Amino acid sequence: MRVIAALWFRNVKLFARNRVQLILMFIMPFFYLYLLSSIFKSAYISNPVNYVLAGIVIIVVFQTSLNIATSTIDDIVSGYMKEILVSPVKRVHIAIGQMLSSTTIATFQGILILVVGYFIGMRYASPFTPIAIFGCMIIIGLVFSSFGLYIATCVKNSQTFQVVSIAVTTPITFLCGVYVPLSLLPNGLQHLALLNPMTYATAFFRTLSLEKMSLTADELLAEQLAFKVNHLVITPQMSIIIVLLFGVLFLILSTLAFSKVDFSLMNRTNAHKDIFQQ
Amino acid sequence: MEKMIVVKDFMKKYGNYTAVDGISFDVEQGSIFAFLGPNGAGKSTTINTLCTILEKTSGTLLIDGKDVTSSRDEVRNVIGVVFQESTLDNKMTVEENLKMHGHFYGIPRSKIEERIDFVLKIVDLLEWKKSMVSSLSGGMKRRVEIARSLLHFPKVLFLDEPTTGLDPNTRANIWDYIVKLQKEKNITIFLTTHYMEEAEISHKVAIMDNGKIIAFDSPNVLKSQYTKDKAYMTSQDAAILEKLLQKYNMSFSKESNNYTIEINQLADFMEIINEHRPLIKTLEIKKGTLNDVFLQITGKDIRG
């Protein structure tokens, strides 16, 4: 527990010290809000502001948790991860500590957007909805942190990482129904979107924050909150289970990556410093 | 004396390439042990395996009687490591770096402050406690790393080329700290370096080349075994000197007027000096160095 808390605190502190990152974090939500509410007005969805806002919150939680979790790559490249790995710290604690810190930052940013939403007229009927939303942001933050952490441990090199990161996040962000409604996508991409865990995270989160958990399957399908795969209707409840399974899988994978003692690859990354760093 | 590190038939392969080829040695508790050899000899591979961050291919490696593969966490608790490249967190202060280390090694919270001051005092960095690591010089960063590696009071301290890239003055300072540590705290110190002269402080030296240990003994024994003292002499009358050297069967080489003489027998050499005294212009006698030992054994210079 102590190591998890220490790693968590360190990463949050590092984040708070980075001024540029902090300012961007406050500005970005407004940008999204402006951009997306104009796009979705044309998509025949009732209550576009709430619909869009729910999407933005979840995409921001996704991006932030992934970004911060992948900052682990900095620790690997700077050599600091070696200090952690020679210590008798449990490997799963390293993974959890890193995940908790990125989830904290991501959830914090999600709350910021909801506060902005409140001022532009977003209201919930039930007082339990905000609590459920808060819990849901934490879960989705954890899931994608574990995913980001695994990517970081796989790549171990900051140049390759840039490319991999863009290659992974772009399809996930654009094929989940937040930026572009799924119904507007061509058929092939719609099928692809169903393989995207973020699609399910978005659907569940939207249903939750639009307070539509009690709708019938047909109504959900019409609102694009549930999906039909052949004859199976994937309800929001099933969606969140899919997301959770995805998270558990990557938590296991990243713990395994830290447990692998053979970090010879890590040494090699350090050996390839360019001439100015030597 | 108790054995702190025992290595038996240790072998490490990367694919088809054999980095370490079945080496065996042991290190006594409380001694300084130096691992010498050119870059790529397998020193870092051995250190990394002993530090539990690299998997061995075969062999047995024990630290304080515990196996580095099967009792990994116990081994991690008794060792302190300073790696070749920096492993400090640059975006944190010295104190924060040390505190994190304390958490990792489960040092009681009530004792952390006291210990941080204690180890920073050893390396004379107490007044830099609140500074960002990124603002420190290269030598100071190394000292922070040494301090950090001591925080959990390890029984064995691994230093992988702790002085590479530092200026001579800082290098000398760092070795002073290391010797002090060994004397005062009775820590076993395992170091690698490719500055041969720096290994003189150690009790035992292993010279490694191409994944094998090719010599293992104390620096003095190695030097007397593999090197001869040399005299560098210039004379007013080279012809007479040469005749004299031939008379006493001394092997020598010359470069214009400078003679390099290998001293086989000290008594004979004294005779030469005596007979030649009025004509000697300059005379310098040099002891053999560990670098000479390395040259003698491998036929190549360590920096080559």
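What follows is calculated from the coordinates using simple rules that are stated; it is not laboratory data. Quick caveat: nothing in here was measured; it's all calculated off a predicted structure. FYI the Cβ positions are ideal-geometry reconstructions off the backbone, even for glycines, and counts take in every protein chain you see.
General remarks:
- Dipole moment magnitude, nearest 20 debye, chain A about Cα centre, only Lys, Arg, Asp, Glu C-beta charged: 640 debye
- DSSP loop chymotrypsin sites (Phe, Trp or Tyr not before Pro) with at most 12 other Cβ within 10 Å: longest gap in chain A: A:45-275
- Mean shadow area of the range B:1-114, taken as a quarter of the surface of its Cα convex hull (nm²): 9.1 nm²
- P(r) tail for the range A:1-156: Cα pairs beyond 24 Å make up 39% of the total.
- Taking the charge dipole of the range B:164-304 about its Cα centre, with +1 at Lys and Arg Cβ atoms and -1 at Asp and Glu Cβ atoms, the residue from B:I240, B:T170, B:N291 reaching farthest to the positive side is B:T170.
- From the Kirkwood radius over Cα pairs of the range B:138-296, Stokes-Einstein at 20 °C and 1.002 mPa s returns a whole-number translational diffusion coefficient of 115 µm²/s.
- Lysines with Cα under 28 Å of B:K223, excluding same-chain neighbours fewer than 8 positions away: B:K3, B:K8, B:K43, B:K180, B:K183, B:K204, B:K212, B:K247, B:K254, B:K286, B:K287, B:K300
- Separation in nanometres of the label points that stand 7 Å from Cα toward Cβ, at B:D124 and A:F119: 5.6 nm
- Volume per residue that the Cα convex hull of chain B spans, once the total is divided by residue count, Å³: 168 Å³
- Nonlocal amide H pairs with B:M4, under 5 Å, H built at 1.01 Å: B:V27, B:E28, B:Q29
- Inter-probe distance in nm under a simple model that places probes 7 Å from Cα toward Cβ, at A:L189 and B:E197: 6.8 nm
- By the Cα gyration tensor, the protein assembly as shown has an equivalent ellipsoid whose semi-axes, rounded to whole angstrom, run 65, 23, 22 from largest to smallest.
- Restricting the range B:95-161 to GluC sites (Glu not before Pro) in coil, as DSSP defines it, with at most 10 other Cβ within 10 Å: none
- Kyte-Doolittle mean at least 0.5, axial Cα span of 30 Å or more - DSSP H helices of chain A: A:19-40, A:48-70, A:91-119, A:128-155, A:236-259
- For the range A:208-242 versus the range B:282-300, the gap between their alpha-carbon centres in whole angstrom: 81 Å
- Over the range A:2-263, the pair-distance histogram of Cα-Cα distances with 10 Å bins from zero comes to 7, 30, 35, 20, 8, 1 percent, rounded to whole numbers.
- Of the trypsin sites (Lys or Arg not before Pro) in the range A:165-259, those whose Cβ has at most 16 other Cβ within 10 Å and which sit in DSSP loop: A:K212
- When the Cα positions of B:G40, B:I53, B:N16 are compared along the charge dipole of the range B:1-117, B:N16 comes out farthest toward the positive end, with charges on each C-beta of Lys, Arg, Asp and Glu.
- Projecting the Cα atoms of A:T70, A:H191, A:P127 onto the charge dipole of chain A, computed from C-beta unit charges around the Cα centre, puts A:T70 farthest toward the positive end.
- Comparing Cα centroids, the range B:90-104 and the range B:201-265 end up 49 angstrom apart.
- Stretching B:S134 away from B:K254 to a fully extended chain increases their span by 38.0 nm, per 0.36 nm per residue minus the current alpha-carbon distance.
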